[in-house]
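Let me begin by presenting the structure, written as structure tokens, before commenting on it.
The values are calculated or read from the model by the stated rules, or taken from the named source; none is laboratory data. Given the structure is predicted, the values throughout are model-derived calculations rather than measurements. Positions of Cβ are generated from backbone atoms using ideal geometry, with glycine treated the same way; all protein chains shown enter the neighbour counts. The area values use the complete protein model at the heavy-atom level, side chains included, leaving out ligands, DNA and RNA. Shrake-Rupley method; radii C 1.70, N 1.55, O 1.52, S 1.80 Å.
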Amino acid sequence: MTSWLLLPLQLALALPAASHHVPATQEATAQDEAIPVGVPRWSREVVLKGTALKVRPADIETPLIVRIDSDSPHGTDRRYDFEYYGLEPGTYNLLDFLQRADGSEMGALPPLQIRIESHLPSGQVKPNPVTQGATPDLGGYGRTLWILGIGWVLGTLAWWLSRRRTVQAARALEDTPPPTLAERLAPLVERGARGELPLEEQARLELILIAIWRKRLGIQDLPAAEVLTRLKQHEEAGILLGELERWLHSPGSADGRGAVDPAQLLAPYRNLTSEDWDREWEATAPGPATLGQDG
Amino acid sequence: MSQIPPAPNADFSQSAQFIQDVRERIAKVVVGQDVVVERLLISLFTGGHILLQGVPGIAKTLLASALSKAMRLDFSRIQFTIDLLPADILGSEILDQSTSTFRTEKGPVFTNLLLADEINRAAPKVQGALLEAMQERKVTIGGEPFTLPAPFLVIATQNPVEQSGTFELPEAQLDRFMLLHRLDYPTPDEERVILRRNAALGVQRRDGGAVVATEFDVIDDSPVGGIEDIIAAMEAVQSVHVSDTFLEHVVELVGRTRKHPDIELGGSPRAGISLIKASRARALLFGRNYVIPEDLFALAEDVVLHRLRLNYEALADGKTTANVLQEMLAHMGSGDEANLNGQVAAPGTNGSRATAEA
């Protein structure tokens, strides 16, 4: 009777002791499970006979990586916690990756089988090919860079062409001799003689004639206030300027009374080339020293 | 474009005789200075004012005094100094203690001919007060406006050499002067006459004593004309014909002062107006009833030069406004900046006018 009453208590005390003495049974459960490649697993409280174990040095070809998390005495045996993960599919004995720390033989130990399996199809050693997606749009930045680049190239080209054209035009102008005073005067005289000279060009005609006579008499360096006084002292220039003043400035000319005939006034200045002017000036122009004798 | 219409009924011969008489009267006491007399008459007949720039001792005061007496004009002289106040020129209100009321004491500006000697020695507010009176021809004393006598001519002077302690007239105030004439020393011949005349002045007995006579003592007090003659001359100036061609010359010259690369401040429209006014008066002085380019060329320096200001680059190059103005006058009519004394630039190279001619 007493033994029946104490049976649950005896079972309660006996079960932990039983589990403590058969750790290999627990590991057998873990060994049955297929472990995926690269996924770590642990085997704890594994009691093995003999002296302390350590992990064999691994090389690049090793299919299983093993690590001893803890190692403690267990009576005359040793108790270990192992961590491991497989690199190649297959069934391995964990003990094959261990060795005695003191270099002695492993002896007869119960195998600790581990099965590593791969989820990839057989023979596939590379990852699945990545599906090629659409190239991400660089957006406005890339487009802007292109536009700026093209614009820069075109702008530089346009600037270069424009500058080239300007330089060529300037060179052409440099190569072309500027019109002489005679050439400049000729159209004004022609139109003036016909009475077709507009107001602005009448003013220019008068000033160009003054400039011509100024050069002809060699008095370019005189102050402007003295120039006309000196010109009026000259026989020919004085008459010309007097007539010009009557034609262009006097009130009689404006209302038609006593008007000067431009054709007659400008006749000596028609159909003269630059060479004629120069020759005539050389022949008739007095030097500055003799100018005072003209008046 | 319509020409400037002449004023009717102008008596040129009467004005010409009057002008001749005035010049002869002034020549009796002032040797040479014909151009200055001409400029003074131009200013008087056109209602402008004149600034004479020159060293002391070249008969500026004597000239103004002789001019006023020859025309029977009131004459005042103010020596500008640093401590001068606007009221010293314009006048002020004074408390009359006998009546306990304020009465207005008019200043020396109330005259026909005012000689403002060394105007640049006074403070700017005094210069400003005078220049305002010059332009508006009236002053306000104690809140009451007073009109200045007519004609009213200011002859201001400044010494170009001694600049210490002076206040330079700014361009805006210089622009109020129609003419700025630069006085020169007399020629050796003129100087000999001056010395001989001065040596013959002698001593003048006065109030029981005697003083050494000066040129002021020999000015003939009897006038050769009066206000009516001046008015006739002013009307004659207005009747002088100005052609469109002459206007073109003026427009071109003033325009060139604004576009010239060496000039920072060019001629104002007032410069062009003054050129026309002064040219008309000069034409009258020379017995013409129309202006000609000679008037423009002769007056350009006095009318335009003081209205120009060179830029720093030109000053650094040692250029002067006179040089630049002469250069512009020499190039007038070219339509460009090329030198007309030799070859001119090819059409189209400098400005549209050259292109139009080609």
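Here is how the numbers come out for the structure above:
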quantity	calculated
Sole exception among (1) surrounded by 15 or more Cβ atoms within 10 Å (Cβ to Cβ); (2) modelled with pLDDT under 80 for residue B:2, by number	(1)
Count of residues meeting criterion [crowded, with 21+ Cβ neighbours inside 10 Å and either under 27 Å from residue B:12 (Cβ atoms) or not assigned by TED's automatic domain parsing to the domain that holds residue B:311 (or both)] in the stretch B:254-275	2
Neighbours by Cβ (under 7 Å, 6+ apart or cross-chain): first from the stretch B:113-135, farther than 15 Å from residue B:88 by Cβ; second open to solvent by 10 Å² or more (accessible area, probe 1.4 Å) and among the aliphatic types (A, V, I, L, M)	B:113/B:73
The stretch A:46-59 residues that are without any contact (Cβ under 8 Å) to a residue 60 or more places away in the chain, paired with ones that are open to solvent by 70 Å² or more (accessible area, probe 1.4 Å) and aromatic (Phe, Trp, Tyr) (beta carbon under 7 Å, 6 or more apart)	none
From A:111, A:121, residue being free of Cβ contacts under 8 Å to residues at least 60 places away in the same chain and exposed (fewer than 10 other Cβ atoms within 10 Å of the Cβ)	A:121
Strands (runs of 3 or more DSSP E) within the stretch B:51-164 that include 3 or more residues touching a Lys or Arg at 6+ places or on another chain (Cβ under 7 Å)	B:91-96, B:144-147
Identity of the residue in the stretch B:228-240, open to solvent by 10 Å² or more (accessible area, probe 1.4 Å) and under 11 Å from residue B:45 (Cβ atoms), that ends up nearest to the other protein chains (Cβ to nearest Cβ)	B:238
Count of residues meeting criterion [over 17 Å from the mean Cα position of the chain (by Cα), surrounded by 20 or more Cβ atoms within 10 Å (Cβ to Cβ) and in a helix (DSSP H, G or I)] in the stretch B:292-323	3
Pair list, Cβ under 7 Å, 6 or more apart: the stretch B:290-307 residue within 19 Å of residue B:320 (Cβ to Cβ) and more than 9 Å from every other protein chain (Cβ to nearest Cβ), other residue among the polar types (S, T, N, Q) and crowded, with 23+ Cβ neighbours inside 10 Å	B:303/B:274; B:304/B:257
Criterion: loosely packed, with under 14 Cβ neighbours inside 10 Å and more than 21 Å from the chain's Cα centre (by Cα) - qualifying residue of B:81, B:101	B:101
Qualifying positions in the stretch A:124-141 - at pLDDT 80 or above and either surrounded by 10 or more Cβ atoms within 10 Å (Cβ to Cβ) or of a type in the set (Lys, Arg) (or both)	none
Breaking point among (1) touching a residue at least 24 places away in the same chain (Cβ under 8 Å); (2) closer than 23 Å to residue B:303 by Cβ, for residue B:108	(2)
Count of the stretch B:148-159 residues which are modelled with pLDDT of 90 or more and loosely packed, with under 15 Cβ neighbours inside 10 Å	0
Checklist (1) in contact with a strand residue (DSSP E or B) (Cβ under 7 Å, 6 or more places away or on another chain); (2) outside any helix (DSSP H, G or I); (3) not aromatic (Phe, Trp, Tyr) applied to residue B:169, failing item	(1)
Failed criterion for residue B:355 (all others in (1) modelled with pLDDT under 90; (2) over 29 Å from residue A:166 (Cβ atoms); (3) in a helix (DSSP H, G or I) hold)	(2)
Flag if residue B:243 is open to solvent by less than 20 Å² (accessible area, probe 1.4 Å) and polar (S, T, N, Q)	yes
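This table checks each residue for (1) of a type in the set (Val, Ile, Thr); (2) more than 60 Å from the chain's Cα centre (by Cα); (3) more than 9 Å from every other protein chain (Cβ to nearest Cβ).
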residue: A:168; (1), (2), (3): no, no, yes
residue: A:175; (1), (2), (3): no, no, yes
residue: A:195; (1), (2), (3): no, yes, yes
residue: A:201; (1), (2), (3): no, no, no
residue: A:207; (1), (2), (3): no, no, no
residue: A:215; (1), (2), (3): no, yes, no
residue: A:219; (1), (2), (3): yes, yes, yes
